[in-house]
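Notes to accompany the following structure.
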Amino acid sequence: MNEKLRKVLLFITAFFTVWFVIPIVFSGIVNIGNLAGIAVFVLAFLCVFFFDKVLKFLKNLWSKKAGKAFLSFICVCLAVVIALTAVETVLMVGAAVNKPGSSSTVVVLGCRVYGERPSRMMVARLNAAMKYLEENPESACILSGGQGEDEDISEAECMYRYLVSNGISPDRLYKEDKSTSTRENLLFSKEIIERENLNPQIAIATNEFHEYRAKQIAKSLGLESSAVSGVTEIWVLPTYYVRELFGILYEWIL
């Protein structure tokens, strides 16, 4: 391998490894997203660093019938993973840019609360919802999220306080404080829509990477949805993007 190319690849793989490590170090965020990302880029770094030895090993393996079959299987698996990643990414982007019409009912999906304080991910969702509500004064908003064991108040209550403190009228807000998952967020919100006779066309306020999976769940519940996407901070985006790849695959399998 050309030495200049080798140095570039070492830098790239090290950079992405660090990018996935940052959420762990600074916020204690550990999930399948950053663990998978770290594993992939550490392996890639080692393969580049020991390129000559790795290449020699692969050539020896390829010279054997069983080794050739094994490497062919690995290549097929990699091709499938790359294809799935590409398809899921396109679907995620498409869902995130699916903007709502006027006066849709906004459903803000719950996110972690620190004590009584909204997490940054929740703030991103709330700011996106708030912008839409200001532009569409006839729209109602459902705040959906229960109370976790380490949360002092429900996610719905935390979101309610944030929006009211930023000028959104309480009369437009409905709290759904029992849900513990995205599916329950949307299922229980649907019950509020039907009970309160709200517009059944909903605009889901969540982070952009999560819009596709939320839309698919909404569709399975008979809800027509569009997206009001919160912007995810760049330092955690790769972690949650990779986690969402697994989440979408899990949803497809189910």
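Points to keep in mind about this one:
- Correct choice for log10 I(q)/I(0) by the Debye sum over Cα atoms at q = 0.11, 0.12, 0.14 Å⁻¹ that was computed from the model, options [x] -0.67, -0.80, -1.07; [y] -0.53, -0.64, -0.88; [z] -0.68, -0.76, -0.94: [z]
- Of the cross-linked pairs LYS4/LYS53; LYS4/LYS68; LYS7/LYS68; LYS175/LYS219; LYS4/LYS56, those separated by over 25 Å at the C-alpha level are LYS4/LYS68; LYS7/LYS68.
- Neighbourhood charge, 15 Å Cβ-Cβ cut-off, centred on GLU196 and excluding it, Lys, Arg +1 and Asp, Glu -1: -1
- Per-residue Cβ neighbour rank within 10 angstrom, fewest leading, VAL113, VAL40: VAL40, VAL113
- For the stretch 105-233, the share of DSSP beta bridges that are antiparallel, to the nearest 5, is 10%.
- Sequence-distant aspartates and glutamates (8 or more away, or on other chains) whose Cα lies within less than 20 Å of LYS59: none
- Rounded tilt (10° steps) of 120-135 against the dominant C-alpha axis of the chain: 50 degrees
- Amide H partners (placed H, <5 Å) of TYR114, local residues excluded: SER119
- 19 Å Cα-Cα reach of LYS215 towards aspartates and glutamates, excluding residues that sit fewer than 8 places from it in its own chain: GLU88, GLU176, GLU184, GLU191, GLU194, GLU224, GLU244, GLU251
- When DSSP beta bridges are restricted to pairs lying wholly in the chain, around 10% turn out antiparallel.
- Projecting the Cα atoms of GLY101, ASN197, VAL8 onto the dipole axis of the chain, where Lys and Arg carry +1 and Asp and Glu carry -1 at the beta carbon, places VAL8 farthest toward the positive end.
- Choice from ARG117, ARG183, ARG195 showing the highest fluctuation, given a GNM over the chain with Cα pairs closer than 10 Å: ARG195
Just so you know, all these numbers are worked out from the coordinates, no wet-lab data involved. These numbers come from a predicted model, not from an experiment. Here Cβ is always computed from backbone atoms with ideal geometry, including for glycine, and neighbour counts include all displayed protein chains.
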